[in-house]
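Student: This is the structure I have questions about; it appears just below.
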Amino acid sequence: MKHAPPFIADAAAEALSAGIERLVGLPLAPHYAEMSVGTYLSTLRQAWDQELIVVRGFHDQPAFIAATRTLLAEAMADFEPERIFFTAHSLPARIETAGDPYRERLLESCRLVAEGTALPEWEFAFQSASHTGEPWLGPDLLESLRRSGVRRALVCPIGFVADHLEILYDIDVEAMAFAREREIELRRTRSFNTRPDFIEALAAVVRDALKSPSPARGAGIMSV
């Protein structure tokens with residue numbers, strides 16, 4: 001990680017001391033944005049001057065899409081939502097002015113998941129925006145819930161892969177309380193965490209990356 005142990009630089013140093021000469025940088029976030037995932041990969045590049053293959057997200061990887069469909073099927077086994085809300089972490093709106101296709105990657109994931117499946121109506125919303133005094137990407141999940149008019153809704157946080165603050169508080173506490181106040185029955189899909197199908201999806205991403213031509217030693221980043 002960048003801001004707490006284990007730090008990226010420490011892990012890179014440990015790999016080097018173990019005699020590792022080739023790394024794959026695999027972000028645990030499906031949707032690449034320069035402001036988020038890009039900064040982690042930049043930190044890795046600064047810490048590692050050997051052979052490096054970098055994965056710039058995996059939002060359209062078939063195994064990831066299939067695993068997401070499984071989460072939805074499990075959630076709907078005993079629940080019939082009127083609408084599904086796919087969500088991901090918001091970022092400052094200026095990234096779109098700079099041409100970052102973060103939103104397009106997210107929407108592509110949603111469309112791929114929905115293709116060929118019997119899902120109810122769905123829409124995409126952002127969540128977890130910070131109060132920084134500048135506009136952040138929307139629409140926000142809470143506002144989307146409010147204006148939807150539905151009474152049963154399912155949240156699928158497609159931009160996240162594990163339980164953490166944005167899941168356990170922003171959805172499980174804040175969004176659930178917001179929904180109860182408006183008499184909306186709100187549920188969410190489980191997080192991948194260490195589910196075998198998700199781990200296999202990550203392995204598939206790495207296998208795909210390793211099929212790419214390798215850069216020369218010290219050549220820096222190869223994007224996949």
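Student: Rolling a 1.4 Å sphere over the protein heavy atoms, what is the accessible area per residue of the range 61-164, to the nearest Å²? It would help to have the intermediate numbers written out before the result.
Tutor: Numbers: 4690 Å² over 104 residues.
Here the per-residue accessible area is 45 Å².
Student: Continuing with the same structure: Classify the range 86-126: rounded, prolate or oblate, from the alpha-carbon gyration tensor (a ≥ b ≥ c, eigenvalue square roots; a/c under 1.5 rounded; otherwise prolate if a/b is larger than b/c)?
Tutor: Here the range 86-126 falls in the prolate category.
Student: Using θ = phi - 60° and the Karplus curve 6.51 cos²θ - 1.76 cosθ + 1.60, what whole-Hz ³J(HN,Hα) does each residue of the range 106-119 get, with Gly and Pro shown as x?
Tutor: 3J(HN,Hα) across the range 106-119, in whole Hz: 4, 5, 5, 4, 4, 5, 5, 5, 6, 4, x, 10, 8, 8.
Student: Same structure, new question: Can you give the log10 of the normalised intensity I(q)/I(0) at q = 0.08 Å⁻¹, computed with Debye over equal Cα scatterers of the range 74-224?
Tutor: -0.28
Student: So, one more: Indicate, rounded to the nearest 5 percent, the antiparallel portion of the DSSP beta bridges found entirely in the chain.
Tutor: 5
Student: I would also like to ask the following. Taking Cα atoms, how many degrees apart are the long axis of helix 8-17 and the longest axis of the chain, rounded to 10 and kept between 0 and 90?
Tutor: With both axes taken from Cα atoms, the answer is about 40 degrees.
Student: Something else now. Under the rule a/c < 1.5 gives rounded, and otherwise a/b versus b/c splits prolate from oblate, where does the range 1-150 land using the Cα gyration tensor? List each step's numbers first, then the result.
Tutor: Working: a/c = 2.54, a/b = 1.65, b/c = 1.55.
Prolate, because a/c is 1.5 or more and a/b exceeds b/c.
Student: Please state the charge dipole magnitude for the chain, taken about the Cα centre, from unit charges on C-beta atoms (+1 on K and R, -1 on D and E), reported in debye and rounded to the nearest 20.
Tutor: With Lys and Arg at +1 and Asp and Glu at -1, about 240 debye.
Student: Please list, in chain and number order, the residues 5+ apart from His59 or on another chain whose amide H is under 5 Å from its amide H, with Hs placed from the backbone.
Tutor: Tyr32
The values are calculated or read from the model by the stated rules, or taken from the named source; none is laboratory data. Since this is a predicted model, take the numbers as computed values, not measurements. All Cβ positions, even for glycine, are placed from backbone atoms using ideal geometry, and neighbour counts span all protein chains on display. What goes into the accessible areas is simple: the full protein's heavy atoms, side chains included, and nothing from ligands, DNA or RNA. Shrake-Rupley method; radii C 1.70, N 1.55, O 1.52, S 1.80 Å.
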